[in-house]
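S.K.: My questions all concern the structure below.
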Amino acid sequence: TIMAQITLGGTPANTNGNLPANGTAINDHTLTQSDMSPVTLSSQRGKKVILNIFPSVDTGVCAMSVRKFNEQASSLDNTTVICISKDLPFAQARFCGAEGIDKVIVASDFRDPSFATELGVLIEDGAFA
């Protein structure tokens, strides 16, 4: 399998496949929101969907990306932004509450890792593996 190389804290790490290109069609998955309720990708049908996929809200760059998407999400017509990490929903809820994150859907794939595996974004080595 060809892996993509990403950087985590300045250290290279590999994913289980190539990162998906913009516009890539993906299968439906059920993710868990910060209130523990499910959200499916198919529930956003009819809208443009931006997936912000990252390891954890407890890293500087990842947290910054969620803040930036939250800031810009309301100006995007017919668009939903879903910020997806491996964090437990409780950590996501804490972060969103402290940061005032309320314009994006924050979700975790902790219950079903097939999302990251299928998209080729599962981190295979390094500190987050």
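S.K.: Just the number please: accessible area per residue for the chain, 1.4 Å probe, all protein chains included, in Å².
M.R.: I get 56 Å² per residue for the chain.
S.K.: For the range 62-129, compute Rh as the Kirkwood radius over C-alpha pairs and then the Stokes-Einstein diffusion coefficient at 10 °C and 1.306 mPa s; write the answer in µm²/s, rounded to an integer. Could the numbers behind the result be given before it?
M.R.: Values: Rh = 13.1 Å.
After rounding, the answer is 121 µm²/s.
S.K.: Between the range 77-129 and the range 31-45, how many Å separate their Cα centres?
M.R.: 11
S.K.: Here's a follow-up. Evaluate 2.2 N^0.38 Å with N set to the residue count of the chain, then give the Cα radius of gyration divided by it.
M.R.: Cα Rg divided by the expected 2.2 N^0.38 Å: 1.01.
S.K.: Computing the accessible area with a 1.4 Å probe over protein heavy atoms, can you report the carbon and sulfur percentage for the chain?
M.R.: Looking at the chain in its full context, I get 53 percent from C and S.
S.K.: As a test of reading the structure, rank Asp28, Asp109, Asp125 by solvent-accessible area (1.4 Å probe, protein chains only), most first.
M.R.: Asp28, Asp125, Asp109
S.K.: While we're looking at this one, here's another question. For Ala21 and Glu118 in one chain, what is 0.36 nm times their gap in residues minus the Cα-Cα distance, to one decimal in nm?
M.R.: 33.6 nm is the gain from fully extending Ala21 to Glu118.
S.K.: Could you check the simple spin-label distance between Ile50 and Asp125, using points 7 Å along Cα→Cβ, in nm with one decimal?
M.R.: About 3.3 nm separates the two model spin labels.
The values are calculated or read from the model by the stated rules, or taken from the named source; none is laboratory data. Since the structure is predicted, the reported quantities are computational estimates derived from the model, not experimental observations. Note that each Cβ is placed from the backbone with ideal geometry, even for glycine, and that neighbours are counted across all protein chains shown. Areas reflect the complete protein model, heavy atoms only, side chains present, ligands, DNA and RNA absent. Shrake-Rupley method; radii C 1.70, N 1.55, O 1.52, S 1.80 Å.
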